[in-house]
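For reference, the structure discussed in these notes is given below.
Bear in mind that the values in this text are calculations on the coordinates, not laboratory data. Bear in mind that the values here come from a model prediction, so they are computed numbers and not experimental data. Positions of Cβ are backbone-derived with ideal geometry, glycine not excepted, and every protein chain shown enters the neighbour counts.
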Amino acid sequence: MTEVSVLVDSRGGNTRKVADAIAGEVGITAMDVAATPQNDAQLLFLGSGTYGGKPGEAMLKFIGSGNLTGRKVALFGTSASLAGGQKLISAMADMVQQKGATVIGSYHCKGKFLFVNRGHPGTEDLDNAKKFAREMLNKS
């Protein structure tokens, strides 16, 4: 059984940058959630970009088809706006809790979208993602 996994659904690359920062801090490689139909990690970092206020389709499919009973989940995401990010994290939290997981924390930062938030996620955002990873490991 795997102890920790970082799974990401990222179309534009913003959330992938955050996933890679988290995974690097944990000492593993982030995986594309679409290429990971099953995962038995006891601590899952699940991340998605925000698409219409919701996680990406691959993340929705992963959460919907899995059994997360007894597992700890740390959520992360990127969006063009704070409100969109809050909506994303809330939606993901509801879904994983319905599947039996315990949400131990979440992290969100801005992501560039068209002409908005250029430079995000930036160095500070990624440093904060690494700090989040350490905090979640301590909680698990």
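Angle check, please: helix 123-139 long axis (alpha carbons) against the longest principal axis of the chain (alpha carbons), in degrees 0 to 90, nearest 10. So the inclination is approximately 20 degrees. Which of the following values of percent of Cα pairs over 23 Å apart was calculated from the structure shown: (i) 41; (ii) 23; (iii) 48? Of the labelled values, this structure produces (ii). As a length-normalised measure over Cα pairs under 8 Å and 6 or more apart, the relative contact order of the chain settles at 25 percent. Overall shape: oblate for region 1-53, with the ratio a/c of the largest to smallest alpha carbon gyration tensor axis at 1.5 or above and b/c at least equal to a/b.
Cβ neighbours within 10 Å, averaged per peptide: list 23-35, 80-92 in order, most packed at the top.
Most protected by this proxy first, the peptides run 80-92, 23-35.
A cut-off of 5 Å between modelled amide H atoms, ignoring neighbours fewer than 5 places along the same chain, links residue 105 with 75. The listed peptides 42-49, 132-139, ordered by packing as a protection proxy, come out as 42-49, 132-139 (highest mean of other Cβ atoms within 10 Å first).
For trypsin sites (Lys or Arg not before Pro), the sites in region 3-81 that DSSP calls loop and that have at most 13 other Cβ atoms within 10 Å are 11.
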